[in-house]
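Trainee: Please see the structure below; I have some questions.
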Amino acid sequence: MLIEMKVSALTIDPLTNTPIVILKDIDGKKAVPIWIGIFEASAIASKLEKVSFSRPMTHDLLQTILNVLNATVSRVEINDLKDSTFFANIYLMSDVGEIVVDSRPSDAIALALRTNAPIFVDEGVVEKSRKVDFGDKRADHDKLYRENLKDFLDHLSPEDFGKYKM
């Protein structure tokens, strides 16, 4: 089953300084944190903050190409989580019908924000994300890291998100 989610926040993992996009379901009862790259975080943040650039950035360019080709993004699905890596598909509608494109979730989210397409997360991914080992496997503090990170994510409030709050 798919759960519709929205970008709730963009934050930084305090332990690794890695950007995290937080997706929450419409009722705000379920959340999925996805660690992303700095460039993808920038693409998401620029849209959240309504920042425009004099030249098109990659996701803006992709949106323009889709418009020229008379294609629309009907939805984005984050459909799997394997070995701490999330997987997504972008669903396009065009003159030839529906097209499914494999994508990194961060790129799919950045495009969904630009096209106002809904974001869905598979319920199994939501459950798996609660059990993912995000710790440093090389360090002895792995268990403590996971516990601290879980505690951090469980206790996030809207005020914790600063300027990227939705």
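Trainee: Against the conditions (1) modelled with pLDDT under 95; (2) more than 18 Å from Ala9 (Cα to Cα); (3) surrounded by 12 or more Cβ atoms within 10 Å (Cβ to Cβ), where does Lys143 fall short? Just the number, please.
Mentor: So the condition that Lys143 fails would be (3).
Here's the yes/no breakdown for (1) farther than 29 Å from Thr16 by Cα; (2) among the charged types (D, E, K, R):
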site: Lys29; (1), (2): no, yes
site: Val32; (1), (2): no, no
site: Phe39; (1), (2): no, no
site: Ala45; (1), (2): no, no
site: Leu61; (1), (2): yes, no
site: Leu66; (1), (2): yes, no
site: Asn89; (1), (2): no, no
site: Met93; (1), (2): yes, no
site: Gly97; (1), (2): yes, no
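Trainee: Using the structure shown, decide if Thr115 is of a type in the set (Ser, Thr, Tyr), at pLDDT 90 or above and either loosely packed, with under 13 Cβ neighbours inside 10 Å or over 20 Å from Asp25 (Cα atoms) (or both).
Mentor: So Thr115 does not fit the description; no.
Residue-wise test of (1) more than 16 Å from Ser129 (Cβ to Cβ); (2) out of contact with any Gly (no Cβ under 8 Å at 6 or more places or on another chain).
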{"position": "Leu15", "(1), (2)": "yes, yes"}
{"position": "Ile20", "(1), (2)": "no, yes"}
{"position": "His59", "(1), (2)": "yes, yes"}
{"position": "Phe87", "(1), (2)": "no, yes"}
{"position": "Val101", "(1), (2)": "yes, yes"}
{"position": "Ser106", "(1), (2)": "no, no"}
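Trainee: Could I ask something else about it? State the number of residues belonging to segment 61-82 that are buried (at least 18 other Cβ atoms within 10 Å of the Cβ) and out of contact with any strand residue (DSSP E or B) (no Cβ under 9 Å at 6 or more places or on another chain).
Mentor: Summing the residues that are buried (at least 18 other Cβ atoms within 10 Å of the Cβ) and out of contact with any strand residue (DSSP E or B) (no Cβ under 9 Å at 6 or more places or on another chain) in segment 61-82 gives 1.
The values are calculated or read from the model by the stated rules, or taken from the named source; none is laboratory data. Please read all numbers here as calculations on a predicted model, not as lab measurements. Please note: Cβ atoms are built from the backbone with ideal geometry, for glycine as well, and neighbour counts cover all protein chains shown.
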